[in-house]
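Rule-based calculations on the coordinates, nothing more; no lab input. From a predicted model like this one, the values you see are computed outputs, not experimental measurements. All Cβ positions, even for glycine, are placed from backbone atoms using ideal geometry, and neighbour counts span all protein chains on display.
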Amino acid sequence: MAKPTGRTRFLGSFVDVLPEPTLPEVAFAGRSNVGKSSAINALIGASVARVAKTPGRTQALNLFVVDEAWIAVDLPGYGYAKVSKDMREGWKGLIEGYLGTRPTLRLVVCLVDPRVPPQEMDTGLLHGLANAGIPTLVVATKIDAFSRTRRADALRTLAAAHRIDPSTLIGFSAHEGIGKDEVMKAIRAAVK
Ligand code: GDP
């Protein structure tokens, strides 16, 4: 169980029945191993997202109340190769069910890995969100893996591959704190 960090408290892990919608919500989505836990930790408080890291156990939505003002929703990481088809379908249902029906959802932060070619599941999610008219922020994780001079190029290539406006793509590093302020600014604007 996650420990409260002061301004962030763990609300719970939810599988089918979610708590009544109250505060505005920001969901975090991404492939397994993209750096989602690290990003959530860097953004809203240490170790809150360490709740369920084993692929078989992450079939839940983990909710965290931040500053008593908004709720961070850690969606299960998708695309993990070693799980059964049933489990993958379960994840898809859980993620799509939440995204499609949650009235308090204000923003989806989609985490993508700029070091690998564009992944079908990422593109699918981005298109689905755009078609549904759900505001989306695309964040390229682990940007520290590129030298400073190559970062802008890496972001441009990734934006082109996903056919998104490069100005909406934020380079991020949990390890080096890059892009944190920019992402938090977008979140605050979405939940106010
Ligand atoms: P999750 O499965 O998406 O929750 O990913 P994690 O946050 O657990 O991170 C997966 C792996 O990526 C770990 O080995 C992390 O150390 C690494 N990682 C996460 N964030 C960063 C980052 O900002 N920079 C680098 N270079 N590696 C990172």
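Here are the numbers for this structure:
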item: Test: residue in the range 125-136 that is loosely packed, with under 13 Cβ neighbours inside 10 Å, more than 30 Å from LEU23 (Cβ to Cβ), out of contact with any His (no Cβ under 7 Å at 6 or more places or on another chain) and not hydroxyl-bearing (Ser, Thr, Tyr); result: no
item: Of residues in the range 103-112 being touching a Leu at 6+ places or on another chain (Cβ under 9 Å) and within 21 Å of SER37 (Cβ to Cβ), the one surrounded by the most Cβ atoms within 10 Å (Cβ to Cβ); result: VAL112
item: Number of the exception - ALA140 against (1) under 24 Å from LYS180 (Cβ atoms); (2) surrounded by fewer than 19 Cβ atoms within 10 Å (Cβ to Cβ); result: (2)
item: Selection from the range 128-137 of residues that are more than 19 Å from ILE178 (Cα to Cα) and under 18 Å from the mean Cα position of the chain (by Cα); result: GLY128, LEU129, ALA130, ALA132, GLY133, ILE134, PRO135, THR136
item: Residue in the range 113-124 that is within 21 Å of GLY79 (Cβ to Cβ) and among the β-branched types (Val, Ile, Thr) present; result: yes
